[in-house]
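The values are calculated or read from the model by the stated rules, or taken from the named source; none is laboratory data. Since the model is a prediction, treat every value here as computed from it, not as a measurement. In this analysis, Cβ positions are derived from the backbone assuming ideal geometry, glycine residues included, and neighbour counts consider all displayed protein chains. Ligands, DNA and RNA are excluded from the accessible area calculation, which covers all protein heavy atoms including side chains. Shrake-Rupley method; radii C 1.70, N 1.55, O 1.52, S 1.80 Å.
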Amino acid sequence: MTELIRLHYPLNNFTSPATQQVVVMGFFDGVHLGHQRVIQEAAKVAHRKDLPLVVLTYNPYPGLVFEKMNQPWHYLTPLEEKVKLLGKLGVDRVYCLQLTSHVSELAPEDFIQDVLLPLRAETVVAGYDHWYGAKKYQADMAHLPDFAKNRFQVVTVGKTSLKGTDDKISSRVIRQQLTDGRLEQVTESLGRVHQTTGLIVHGDARGRTLGFPTINIWTPELESLPGIGVYAVSAFVDGRWYDGMASIGRNVTFEANRPVTVEINLFDFNDQVYGENVKVQWHLKLRDEVKFTTVEALVDQLQIDKELTLEYFREKID
C-alpha cells in the first residue's frame, strides 16, 4: 500500500528518508494519461537506479488559495483516490505538501534546499509545464538544472496529446468535458472511466411508483460529477458491480427549483442498501434532463433510456 506523508512548510519535524529517492513533482489531479506518462518515465529511472519512486504533490488546489473562486471546487481525484491511482503506477510513497502563501513564494534555491534536499532527491522528474515556486524567479523545469547545481539529476517530460491530435491532455479540459457530459473524451483522456464515490441515502421513493426504483446517492462535496443529464453507469454496491442508468438533475417534471440530486436505477437489483457506500463509474451521457408534461411520457422515455443503456453495455462486452 502506498504511504501518504503530509508535509507543512517549513519541514521542521520531518525526518529525511534513509535512502535517496526519485522524486516526481506535480499536482496530478485526475492522474490522466499525461500524468501517467510522467510517472512511467520516472519509474524507469527508479528501476534503473534501484531507488524508491516517490511523488511530491500539493494540497489544496492552487486556485482555492490564491484566487477568488466563483464556483465550488471539485477534484477529479481527491487526495485519497489520487494516492491509490499513483500506487497502481508503482509509486512507493506520496508526499503531500500543504500549499500555502509561503510555499508559493519560495525562490527556487529555497525550494530545493528546504524541500527537495530533505526528501533526498537523487533525480527530480516533472512535466515540462510544472512550477515549483514563484514565477517571478523562473521556477520552471527549463531552469531547474541550473538551480540544482549538480545536487540531483533532472528529467523533464514533454507534452502528452490525445491520439491523432495536438491537443494537450489537461485536468482543466477534462473537468470541462465532464461538465459538458462528453464522457467518451473523459475516458480517453483519463485512460479509465471516471469514478465517484458516495453514500446511499433516502430520497422521495418516486421511482418505485414509476417502475424504476432508484438508489439516491450523496456525493462528497469535493468530487467531480458530470453535468445535469441522464447517464449509463456502473455502480459497486453491497460487494458487486451492477449496470444501470443515473439521473443528475432537479426532477423538474415534478417540482421547480429542487436541489440537484443523483439517482441511479440499477438493473437486476432489488435490495435495501441505505447507509452503504457506493462507487459509481460514469460511462456515457444518454440525454439532457427534460421536463415532461405527463408522468406517462416520462415513463416512456425511461424505458427508452434503459434500452439504450442495455445496448451500450452489450456492445462493450462484445
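Brief remarks follow.
- Residue in the stretch 94-101 that is under 25 Å from Glu223 (Cα atoms), assigned to a loop (DSSP other than H, G, I, E, B), touching a residue at least 40 places away in the same chain (Cβ under 8 Å) and more than 21 Å from the chain's Cα centre (by Cα) present: yes
- Among the residues making up the stretch 232-275, those that are free of Cβ contacts under 8 Å to residues at least 60 places away in the same chain, open to solvent by 50 Å² or more (accessible area, probe 1.4 Å), farther than 21 Å from Glu296 by Cα and not basic (Lys, Arg) are Phe236, Asp238, Gly239, Trp241, Asn257, Pro259, Val260, Asp268, Asn270, Asp271, Gln272.
- Matching option when the condition is open to solvent by 40 Å² or more (accessible area, probe 1.4 Å), charged (D, E, K, R) and farther than 22 Å from Val124 by Cα, among Lys84, Lys49, Lys88, Lys68: Lys68
One line per residue, one yes/no per condition, for (1) closer than 23 Å to Tyr132 by Cα; (2) among the β-branched types (Val, Ile, Thr); (3) touching a helix residue (DSSP H, G or I) at 6+ places or on another chain (Cβ under 6 Å):
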{"residue": "Val55", "(1), (2), (3)": "yes, yes, yes"}
{"residue": "Pro72", "(1), (2), (3)": "no, no, no"}
{"residue": "Lys88", "(1), (2), (3)": "no, no, no"}
{"residue": "Thr100", "(1), (2), (3)": "yes, yes, no"}
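- Those residues of the stretch 276-310 which are more than 30 Å from Gly191 (Cβ to Cβ), surrounded by 16 or more Cβ atoms within 10 Å (Cβ to Cβ) and charged (D, E, K, R), in sequence order: none
- The helices (runs of 4 or more DSSP H) located wholly in the stretch 122-224 that include 1 or more residues which are within 30 Å of Ala46 (Cα to Cα) and modelled with pLDDT of 95 or more occupy 144-148, 171-180, 183-190.
- Count of residues meeting criterion [assigned to a strand (DSSP E or B), open to solvent by 10 Å² or more (accessible area, probe 1.4 Å) and either in contact with a helix residue (DSSP H, G or I) (Cβ under 7 Å, 6 or more places away or on another chain) or acidic (Asp, Glu) (or both)] in the stretch 1-39: 2
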